[in-house]
Structures are given as C-alpha cells and as structure tokens.
C-alpha cells in the first residue's frame, strides 16, 4: 500500500505541476487550450490526492492528521474545494491561479518533511483531533489562497477587482480558524484540564486570529484594494510562522504537530 | 469616554500591543511569564471593555451575527478572568492501594471533599513491543528480530549470539537476581551469550544505554525495542465523597472523571515506579462562561460567513 500512496502523491505532484504550467500559459500567452484544461488538471490532482489520503488513512488505521507531513497534505486537500467554489462564483481562470500555484509548492514542501508515521500518543487519541486539525488546515488553506491571490492581484494591478474574492477567502479562513481554536480549546480542557495554557502554538494562533480580525476591521475603515491585498500577505506570514515556525523554533504542548 | 472605549482605533492598538506581548513572550522572554502581570490583565480587561462598548453602541442596528461574535468574545474574556482568579488546580499523587484526599499545588496542600483510592494503574501499548539486536561493524550493520532462545550466526567474525533472556523493566531483587520491576517496557534489556574464538561471554545490553561492552567485542551490539508506543494510561480508582457513597471509576488521558464539581485528569506516571499515578484535580468556575462564549462566537461567525 505504501507504494500506491507514493505513486498517487507523485501523480498528484505531476498534475499540480501541469496545472501550474497551464496557469502560466494562460497568463503569459492568453491561450485557450490551457484555459480549458486547467480546471480538469486541478480536479485530477485533487482526486489523486484524495485517493492518496484515503489509502494513508486505511494504512494508518486513523485519520492522517497527526504530524506536519500528514497535516500539510490535508491542508492542500482543502485548497481545491475552496478554489472550485470560488471558480464557480468567479468563472475566470484567475480564480484558479492560487490553487495552481499553491498545489505544487505545498506538495514540494511536503516532500521535504519527515514522513514517518507514529502511532498516536495518548493525548492525541480523541475525536476532537479530527475537528481541530481539519478546521485549522481548512483555515490555513483559505489564508494561503488569499495570500497568493493577493500577490497575483497586486502584480496584475487588479487589487480592486479581486477584492471580493480576497474578502471571501479571508472570511472563510477566519471562520475555520475560529472553529479550530475553539475546538482545540475544548479538547485541551478534556485532555490537559485547562482550556488555555498559553502554549506557543495557541498563542500564535490567537495572534494570527487577531491579525485577521484587525485586517477585516481595517477594511471596513477604508483599507481596501491594494491595502487589503497587502494585509492578506502580511497576515499569511503569521500563519506560516504559526504552522512552521512554532514547530521548529519553539517547544510546547504542540511539539509533535 | 464612551467614544474612546468603543473606538476601532483602541481595538487596533490593543491588537498591536497584544501581538507584541505574545511575540516577546514566546520568542524572547526568558524571565517570568508576562501573562500573569497586572498590565497584561489590564490589556485583556480593556479589550473586553472595548468589544462590549463597540457592541453596545451598535446594538440597535447591528446584525445578529455581530452581536453574537462580540458578546461571545466578551464572555470568553470574562470567563478567562474568572478562571484566572477562581480556578482550582492541584496534583493528586497516588500509589496503588493507597487512598488520599490531599492535593498539592506548589507548597500548598489542599484537603478535597472526597478521597481517591488508586485500585490499579495500567499502561496500554499498541501491540507487543518487539526486541531487535543490531550488530554493527566496519562494513555496515544488520538488525535481527529476537526472542528468548533466538540464535544469531556471525560467520564473518567466527562468532555467534544467543539470546538468553529478555527483560521488560530490568531490575535486581533482594537476592541480586534479575527480575522485571514492572510489566511495562520501561527499561528493556537483553542478556546475550556471545561466542567468540571458542570462548563464551554472557553480557547484558540495555536499550536505554547503547554502547555498552564496546571495548570487549570486535563488533558493536545494540539492543532496542520496536513498536513500544504507549496507547494510553489509565487509573482505576475508588472515589469516596464525604458523607456519600463510594463509587469506582476509570480515569485515562482524554477521559477525565467529573464528580462533585471537580474534574480529575490522568496527568502522568512514573516509569521508575509502576504503581504510581499522578492525577490533576481542577475546579473551574469560569468554564461555563467560556463555553457559552465559544458557542455564541461560533454561531455568530458562521452566520456572518453566510452573508
């Protein structure tokens, strides 16, 4: 089964690279053919990833959510439904560019991570794991798409036109992050006896949440278009630190994640 | 004053200040935690006042989602303050067969309104751990899964290894004989008979102390355990409330016991003493406000998302 999972991940990577190539061709040459095949490539990439994660779940006998490699693949999995949802609302290839850029990058980063799967430690053996990690990864996926879409909008000088897409992605991410923090807090109270311990991961998640809350409020104060796009990129830097930096630089209750 | 307290500028300033405190505390601070300082508590209180004042100002016109989110946040912060000042947490150390109503927090000792007797403590593994002997020499290394009685042939050295005994938790009894201190794999060791050049040596190799007997052999021998992951740890207890009926219960990680307004958590154990279990006893009077706040916050956020 391990070979099948590797094969599917590699297939997903190849399809993600092809999607990136198609998106680049659309951008550079305004070609019609890649414009048509881009959604299909991304859908195939998502199917291959879904099959890989499904097999990984079967192999491990638990949801693949317990280390950074597994959670990163789960985060990538959420990139696709968000992208397709917004592609339906804004049916232009630009709506799929963030996914076409994020998918190969995330798969590339995942390939560098330790893939060793360990059995769940006692504190992680809870149904809360699924809700907490899924909602957190969904949030990070939405924020990643918002950041890439913001960078693309700034590069194309179309921040005002793309603002609605950015706002909706930020709102989706904010709602999911709220669920992630709340579910983690309730779980922490069940496992450790404290709903908040100022663990570095908790603290940086709260900081990220406050940053997005401030960005959404600032937008209402008039920080729109390119200002809002810049805020989406800055806030995503906090997401990156919360997800990667805390794990590598700080120790705490989340040191396994 | 109300304008200032309900202003978004104050909110942005508080977000910035809190962000700086969080970054300093997690990245740079090596002294006492900032989270317990009066000025940090004042920042939290000011944030609650700011959010409440903002909500009050817009209460008539704001949509339900706005009110739920902001009321939820205020409830969470107030619950946090209640927890901060009224939460009780102490450790209840127990040994199998002993009963105690004393819990400890720092130097303070508390008498609980119930006593807890530890009937038994157990560790559960995912499966039976497997012993592996590794033989390492200049050309590489090789693993040999072993059981008691297993034999390993090393023709390149004209040597052989026989597994005489495997210990889960190596210890010596009063007669200086090797015996397991517990049924758990806390200190795994293997007694190997190594035949070399017509001579035999009986040596102990410990998984936690690799590198033993290096000077005595022309190759390195290591003993380790695979699949020794702990699945859970559980205390079987008898709880005797003051003036009430005693009852039995099990407490394990992620399955605390709630009784008499207290919650008992399985915190830790001692690999050096198999009958020892450490429980944490808490009583959090702010928890209901926090959970109510969480419910309102989530309801509000998802209503807002639907807009």
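No value in this document is a laboratory result; all are computed from the given coordinates. These figures come from a predicted structure and were not determined experimentally. Note that we place each Cβ from the backbone using ideal geometry, even for glycine, and neighbour counts take in every protein chain shown.
Observations
- Simple label model, 7 Å out from Cα along Cβ direction - residue B:107 to residue B:226, nm: 5.3
- Taking other C-beta atoms within 10 Å as the exposure proxy, B:69, A:181 rank A:181, B:69 from fewest upward.
- Cα-based helix-to-principal-axis angle, B:38-58 vs chain B, degrees rounded to 10: 50
- Centroid-to-centroid separation of region B:62-121 and region B:133-199 [C-alpha atoms, Å]: 47
- Taking every alpha-carbon pair within chain B, the share separated by more than 29 Å comes to 62 percent.
- For chain B, the mean residue ellipticity at 222 nm estimated from helices alone is -9000 deg cm²/dmol, where every DSSP H run of n ≥ 4 contributes -39500 (n - 2.57) and the total is divided by all residues, rounded to the nearest 500.
- With Cα atoms defining each centre, region B:8-53 and region A:173-204 are spaced 18 Å apart in the structure.
- Prolate/oblate/rounded call for region A:69-129, Cα gyration tensor, a/c under 1.5 rounded: oblate
- Extension reserve of the residue B:302-residue B:138 stretch, reckoned as 0.36 nm per residue once the Cα distance is removed: 52.7 nm
- Residues of region B:5-44 with amide N under 14 Å of the 7 Å Cα→Cβ point at residue A:249: B:20-29
- Per-pair calculated FRET efficiency, R0 = 56 Å: residue A:6 and residue B:288 via Cβ, rounded to 0.05: 0.70
- Relative to the current alpha-carbon distance between residue B:46 and residue B:175, full extension at 0.36 nm per residue lengthens the span by 39.7 nm.
- Distance between region A:116-145 and region A:24-102 - C-alpha centres, whole angstrom: 19
- Hull-based mean projected area of region A:120-257, where the convex hull spans the alpha carbons, in square nanometres: 8.1
- Note on residue B:60 and residue B:37: with the Förster distance fixed at 41 Å, the Cβ-Cβ geometry gives a FRET efficiency of about 0.60.
- Segment residue B:258-residue B:130, length gained on full extension (0.36 nm per residue, minus Cα span): 42.3 nm
- FRET efficiency for residue B:208 and residue A:217, using Cβ-Cβ distance with R0 set to 51 Å, rounded to 0.05: 0.40
- Of the residues A:163, A:202, A:31, the one that moves most in a GNM of chain A with alpha-carbon contacts below 10 Å is A:31.
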